[in-house]
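Here it is, the structure in full.
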């Protein structure tokens, strides 16, 4: 039997056929965003039928379909994704109508990625693990005893919106001090822009050719390695708050492992350098052992693989 | 068969005999603090033998002994309690030596209280619950599916040390912005003192008879009801950060229920007033349902009852 895992993003929808924990084929479609649920359901259906056809697999050989969404998925299967213009839509019911004899499951995409890392990747073999995805925003997933902790109302593991300090600008969610305003790629870019605007006679401004719209987090990490003053200040601030964010996770559930994924995690050497010690400084009992802190194994495949495991 | 639950505090050690979830007898002893583990073990042993004698119960009718400590209890049974001058002491091993045929369990006292509330009190019937104890400090306990989440290293549920903002003074733990520096009784007293010192021509200064050492959190709550300006400012700040702290809990594991205990929770009407709405404001998805927020059922008995359930 086969499983299908689907990863819905703001730009594309990726589907994969999974057998025994391995992705054997993938297919991608541009995400159509018109705020109509049936459009999305039709696209998912086309994608699933398409990939099965391409691989000569009959639909009755599929035991499970799992889908990860970039938003809130309630325990009753209602989805709210601002990026997809879907507000509280009965996605699970619609998918169940479409695929009557197959078990369909849906979940938040960061939760899905956490499950992939827990079952097959960087958190494999640990009893409890928390994944933090540092990308455009910050997402998270919590797995304890092989069970995703998505919460009583499906709004758990929104780690990007843990309030961990005070920041000079507000989060998109309307609050101040959210983890993702300190530790996402966007946060790195924002803070670098702020410093560059205070002093344009700097390497970062040269690297982005005098256009701050070109600035990327990778540029800042690259110049950090060259000890560029602004880049060092930006990355040190990022690392300070990353340590506080992880310390909050440890203070809360003290997991066996914390895994860091997302685009920012490509700078793994810089991120992991001294990170455990910085986390310990932010705990009340500094002499205790703490969790392993590791970099996620899967890059683009976590969404498909994790969804197939739901 | 009987169980014995013991609640160790900085001032006294309370033991209780528990049968079918009811405390049938209690006995108390002053806590001797000399930093010697054997002193504590002897005192616990005397207390247990004493209460059994008083009730005419033979030791072989005791199936379980549980002890709650005001500090860190590792999964291997090592205890660190700064207040008791015990650093990383093998408490469980010592107790097992002393009570060879009885199952002995030990845990952090706030975790123990959470278990009591989960099994018999304000969190009974819920699948997942988080207890916050607002006292001299802030403690916490997390229970999911009838299981205490004390963590991989026994340092979990230190909710008082979640960093949730920036504060004008540092926490005892050496960090800035800890939940307990905003929401403990001590925090309320500290902030009121600060405001009184800026303006001594106020009711609070009168109520504590011109001696700030007399100031209590209860005085501030009492004058809040009379709309005293300083008291309103202090309690509003307390409530703002309580909402942020609970929002962080919801953003993390989205439990079915949050229960508030500890001395400060006596001001339950003031605390609960508008609290859920304030918590929602600090979530990314403000239209979602969230957990029930309730006041703990047990006052002094939670420690004994919860310990007997370990």
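The values are calculated or read from the model by the stated rules, or taken from the named source; none is laboratory data. Everything quoted here is computed from the prediction, not taken from an experiment. Heads up, the Cβs are rebuilt from the backbone with ideal geometry, glycines too, and the neighbour counts pull from every protein chain shown.
Hey, can you tell me all the residues within region B:123-151 that are crowded, with 23+ Cβ neighbours inside 10 Å, at pLDDT 95 or above and farther than 18 Å from residue B:7 by Cα?
Within region B:123-151, B:123, B:128, B:129, B:130, B:142, B:143 qualify.
Residues A:244, A:271: which one is at the interface with chain B (Cβ under 8 Å from one of its Cβ atoms), under 19 Å from the mean Cα position of the chain (by Cα) and not in a loop (DSSP other than H, G, I, E, B)?
Being at the interface with chain B (Cβ under 8 Å from one of its Cβ atoms), under 19 Å from the mean Cα position of the chain (by Cα) and not in a loop (DSSP other than H, G, I, E, B) holds for just one of A:244, A:271, which is A:244.
Filter region A:247-259 down to the residues that are in contact (Cβ under 8 Å) with a residue 24 or more places away in the chain and either surrounded by fewer than 23 Cβ atoms within 10 Å (Cβ to Cβ) or within 10 Å of chain B (Cβ to nearest Cβ) (or both) and list them by number.
Answer for region A:247-259, where residues must be in contact (Cβ under 8 Å) with a residue 24 or more places away in the chain and either surrounded by fewer than 23 Cβ atoms within 10 Å (Cβ to Cβ) or within 10 Å of chain B (Cβ to nearest Cβ) (or both): A:247, A:248, A:249, A:250, A:251, A:253, A:254, A:255, A:256, A:257.
If I go through region B:171-219 residue by residue, how many of them are closer than 24 Å to residue B:248 by Cβ and part of a helix (DSSP H, G or I)?
12
Inside region B:133-149, can you point out the residues that are in contact with a helix residue (DSSP H, G or I) (Cβ under 6 Å, 6 or more places away or on another chain) and more than 7 Å from every other protein chain (Cβ to nearest Cβ)?
Answer for region B:133-149, where residues must be in contact with a helix residue (DSSP H, G or I) (Cβ under 6 Å, 6 or more places away or on another chain) and more than 7 Å from every other protein chain (Cβ to nearest Cβ): B:133, B:134, B:135, B:136, B:137, B:138, B:139, B:140, B:141, B:143, B:148.
Listed residues A:265, A:259; which is touching a strand residue (DSSP E or B) at 6+ places or on another chain (Cβ under 6 Å), part of a strand (DSSP E or B) and within 30 Å of residue A:13 (Cβ to Cβ)? Break it down into steps so the answer makes sense when it comes.
Numbers: A:265 fails: part of a strand (DSSP E or B).
Just one listed residue meets the conditions, A:259.
Further, regarding this structure: How many of the residues making up region B:7-61 are in a loop (DSSP other than H, G, I, E, B) and in contact (Cβ under 8 Å) with a residue 12 or more places away in the chain?
Result for region B:7-61: 10.
Evaluate region A:157-164: report whether one residue or more is under 15 Å from the mean Cα position of the chain (by Cα), at pLDDT below 95 and within 28 Å of residue A:20 (Cα to Cα).
yes
Something else now. Out of all the residues in region A:160-171, which are more than 7 Å from every other protein chain (Cβ to nearest Cβ) and touching a residue at least 12 places away in the same chain (Cβ under 8 Å)?
Result: A:160, A:167, A:168, A:169.
Spot the failing condition for residue A:298; the list is (1) surrounded by fewer than 24 Cβ atoms within 10 Å (Cβ to Cβ); (2) in contact with a strand residue (DSSP E or B) (Cβ under 6 Å, 6 or more places away or on another chain); (3) away from chain B (no Cβ under 14 Å); (4) within 22 Å of residue A:150 (Cα to Cα), and only one is missed.
(2) is the only condition that residue A:298 fails.
For residues in region B:274-295 being in a helix (DSSP H, G or I) and surrounded by fewer than 20 Cβ atoms within 10 Å (Cβ to Cβ), which is farthest from the other protein chains (Cβ to nearest Cβ)?
Here the residue is B:275.
If you scan region A:212-229, which residues turn out to be loosely packed, with under 13 Cβ neighbours inside 10 Å and over 24 Å from the mean Cα position of the chain (by Cα)?
A:226, A:227, listed by residue number.
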